[in-house]
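Working notes, structure below.
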Amino acid sequence: MAHQTEKDATAAIPLMTPYKMGQFELSHRVVLAPLTRNRSYGNVPQPHAVVYYTQRATRGGLLVTEATGVSATAQGYPDTPGIWTQEQVEAWKPIVDAVHRKGAIFFCQIWHVGRVSTNDYQPDGQAPISSTDKQITPDDSGVVYSKPRRLRTDEIRQIVDDFRRTARNAIEAGFDGVEIHGAHGYLLEQFMKDGANDRTDQYGGSLENRCRFVVEVIDAIVAEIGAHRVGIRLSPFLDFMDCVDSDPVALGSYMVQQLNKHPKFLYCHMVEPRMAVVEGRRKINHGLLPFRKQFNGTFIAAGGYDREEGNKVVADDYADLVAYGRLFLANPDLPKRFALNASLNKYNRSTFYIKDPVVGYTDYPFLDENDKDSATYA
Ligand SMILES: Cc1cc2nc3c(=O)[nH]c(=O)nc-3n(C[C@H](O)[C@H](O)[C@H](O)COP(=O)(O)O)c2cc1C
């Protein structure tokens with residue numbers, strides 16, 4: 001009976017309709033957004049990640065991993081995973097395998113934090129690397145990032161190669177593809193945005209020059225594993241970590257044009273501008289529309305979505321898929337809850353980034369506790 005209700009309800013819900021993303025047959029539009037969880041001790045993914053990701057895996061659902069480092073200099077937070085060593089690749093394998101056994105599609109988000117780091121996270125206590133030697137302005141959070149070292153022009157090729165090798169490693173670990181983290185003020189954005197990039201070589205100045213590094217990364221990864229399994233996350237409108245651009249629409253449009261040069265480039269995942277609160281409700285201002293219109297592949301929108309807004313943007317063809325961060329973190333069975341229009345668990349911000357292998361991670365309750373162990377949810 002409950003199953004019947006769920007099926008009937010699903011038919012009318014845009015978020016619960018199937019979608020073909022390249023070669024992948026998705027059964028619904030609710031994507032697990034990348035979420036850093038700081039539980040990969042020593043930068044090695046742990047067996048408890050099997051529980052975390054399989055809890056959120058559904059048959060035909062798309063999951064993106066937490067941001068995963070491309071090299072020893074890529075780290076800036078405690079216990080975030082990497083995928084640049086063989087040990088890390090081997091540690092990802094059982095996690096990916098378990099997610100696949102539940103029928104989900106699994107992409108690895110790969111990143112380099114650049115100057116969002118301190119000497120303590122860097123090999124031999126060196127300075128973090130960036131497009132610039134400008135330090136991030138300390139804010140009220142109490143975190144002070146170290147003064148970075150500006151990469152020399154001739155060093156950039158090596159970082160591009162780190163991304164390329166990492167993408168290959170992700171495929172070796174069994175992932176269906178990679179999501180390049182080109183958002184939120186990390187290394188790729190430190191080049192893209194004119195508020196951070198103050199270079200005078202061919203990687204600075206004009207929009208084309210500022211995007212040269214990320215375009216080289218995209219091209220190298222596409223050549224390595226094929227455009228059909230590459231996506232990218234971009235946030236042209238955000239200003240995280242002192243990374244702001246004077247013309248975000250031009251930046252986003254230029255990047256979409258670069259993606260379109262690869263005929264089968266899989267997806268563009270964009271983060272909405274910060275939300276305004278209108279009459280007590282968060283209001284998404286749908287600033288991504290120009291990019292959605294220009295991009296030839298699958299378009300994923302993220303940032304502040306709830307069930308109602310997600311359904312609306314899918315129905316309006318503003319996005320093909322919607323990625324959910326905090327709601328999916330707190331509701332491992334989020335697609336089912338959306339299908340049933342069930343109430344949601346509230347997230348607990350204080351446990352987002354703790355080290356505990358269970359608390360705030362795999363202990364959020366399911367609607368139906370039997371789902372905790374069940375192998376499928378169609
Ligand atoms: C705990 C936490 C960790 C996050 N880690 C990442 C990350 O690793 N990579 C990334 O691109 N975004 C990360 N984000 C941003 C989310 O993917 C998402 O864009 C953001 O939470 C807004 O979406 P929401 O309103 O659905 O939560 C993180 C957000 C949270 C709350």
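Points to keep in mind about this one:
- Dividing the helix sum by the residues of the chain, where each DSSP H run of 4 or more adds -39500 (n - 2.57), gives a mean residue ellipticity at 222 nm of -9000 deg cm²/dmol.
- Measuring nothing but protein heavy atoms, the accessible surface of the chain at 1.4 Å probe radius is 52 percent carbon and sulfur.
- The distance from the alpha carbon centre of the stretch 117-148 to that of the stretch 30-75 is 24 Å, rounded to a whole number.
- Taking N as the residue count of the stretch 141-278, its C-alpha radius of gyration divided by 2.2 N^0.38 Å amounts to 1.06.
- Karplus (6.51, -1.76, 1.60) ³J(HN,Hα), θ = phi - 60°, over the stretch 310-320, in Hz, Gly and Pro reported as x: x, 4, 5, 5, 6, 4, 7, 6, 6, 9, 7
- Taking every protein chain into account, the accessible area of the stretch 32-152 amounts to 34 square angstrom per residue (probe 1.4 Å).
- Measuring r between the beta carbons of residue 119 and residue 326 and using R0 = 30 Å, the FRET efficiency lands at 0.45.
- Summed residue charge, Cβ within 9 Å of residue 243's Cβ, Lys/Arg positive, Asp/Glu negative: -3
- Length-normalised contact order for the chain - Cα pairs under 8 Å, 6+ apart - percent: 18
- When 134, 355, 102 are compared by accessible area at a 1.4 angstrom probe, the order from most to least is 355, 134, 102.
- The stretch 14-376 - share of DSSP beta bridges that are antiparallel (%, nearest 5): 15
- Net length available on complete extension from residue 369 to residue 341 is 8.3 nm, with 0.36 nm assigned per residue and the Cα-Cα distance removed.
- Local electrostatic count, residue 64, Cβ distance below 15 Å [Lys/Arg +1, Asp/Glu -1]: +2
- The amide H of residue 146, built 1.01 Å from its N in the peptide plane, has 117, 118, 119 as neighbours under 5 Å, considering only residues 5 or more places off or on other chains.
- Table column - 3J(HN,Hα) (Hz), the stretch 200-217, Karplus curve with 6.51, -1.76, 1.60, x for Gly and Pro: 10, 8, 6, 9, x, x, 5, 4, 4, 5, 5, 8, 4, 5, 5, 5, 5, 5
- Debye equation applied to the C-alpha atoms of the chain, log10 I(q)/I(0) at 0.07, 0.11, 0.14, 0.15 Å⁻¹: -0.29, -0.73, -1.24, -1.44
- Averaged over residues, the count of other Cβ atoms within 10 Å places the peptides 117-126, 261-270, 156-165, 137-146 in the sequence 261-270, 156-165, 117-126, 137-146, highest first.
- For the stretch 14-376, with +1 on Lys and Arg beta carbons and -1 on Asp and Glu, the positive-most of 127, 95, 370 along the dipole: 370
- The residues neighbouring residue 93, those whose beta-carbon lies less than 14 Å from its own, together hold a net charge of -4 under the Lys/Arg +1, Asp/Glu -1 convention.
The values are calculated or read from the model by the stated rules, or taken from the named source; none is laboratory data. Since the model is a prediction, treat every value here as computed from it, not as a measurement. Because the Cβ atoms are built from the backbone with ideal geometry, glycine has one as well, and the counts that use them run over all protein chains shown. These area figures cover heavy atoms from the full protein model, side chains too; ligands, DNA and RNA do not enter into them. Shrake-Rupley method; radii C 1.70, N 1.55, O 1.52, S 1.80 Å.
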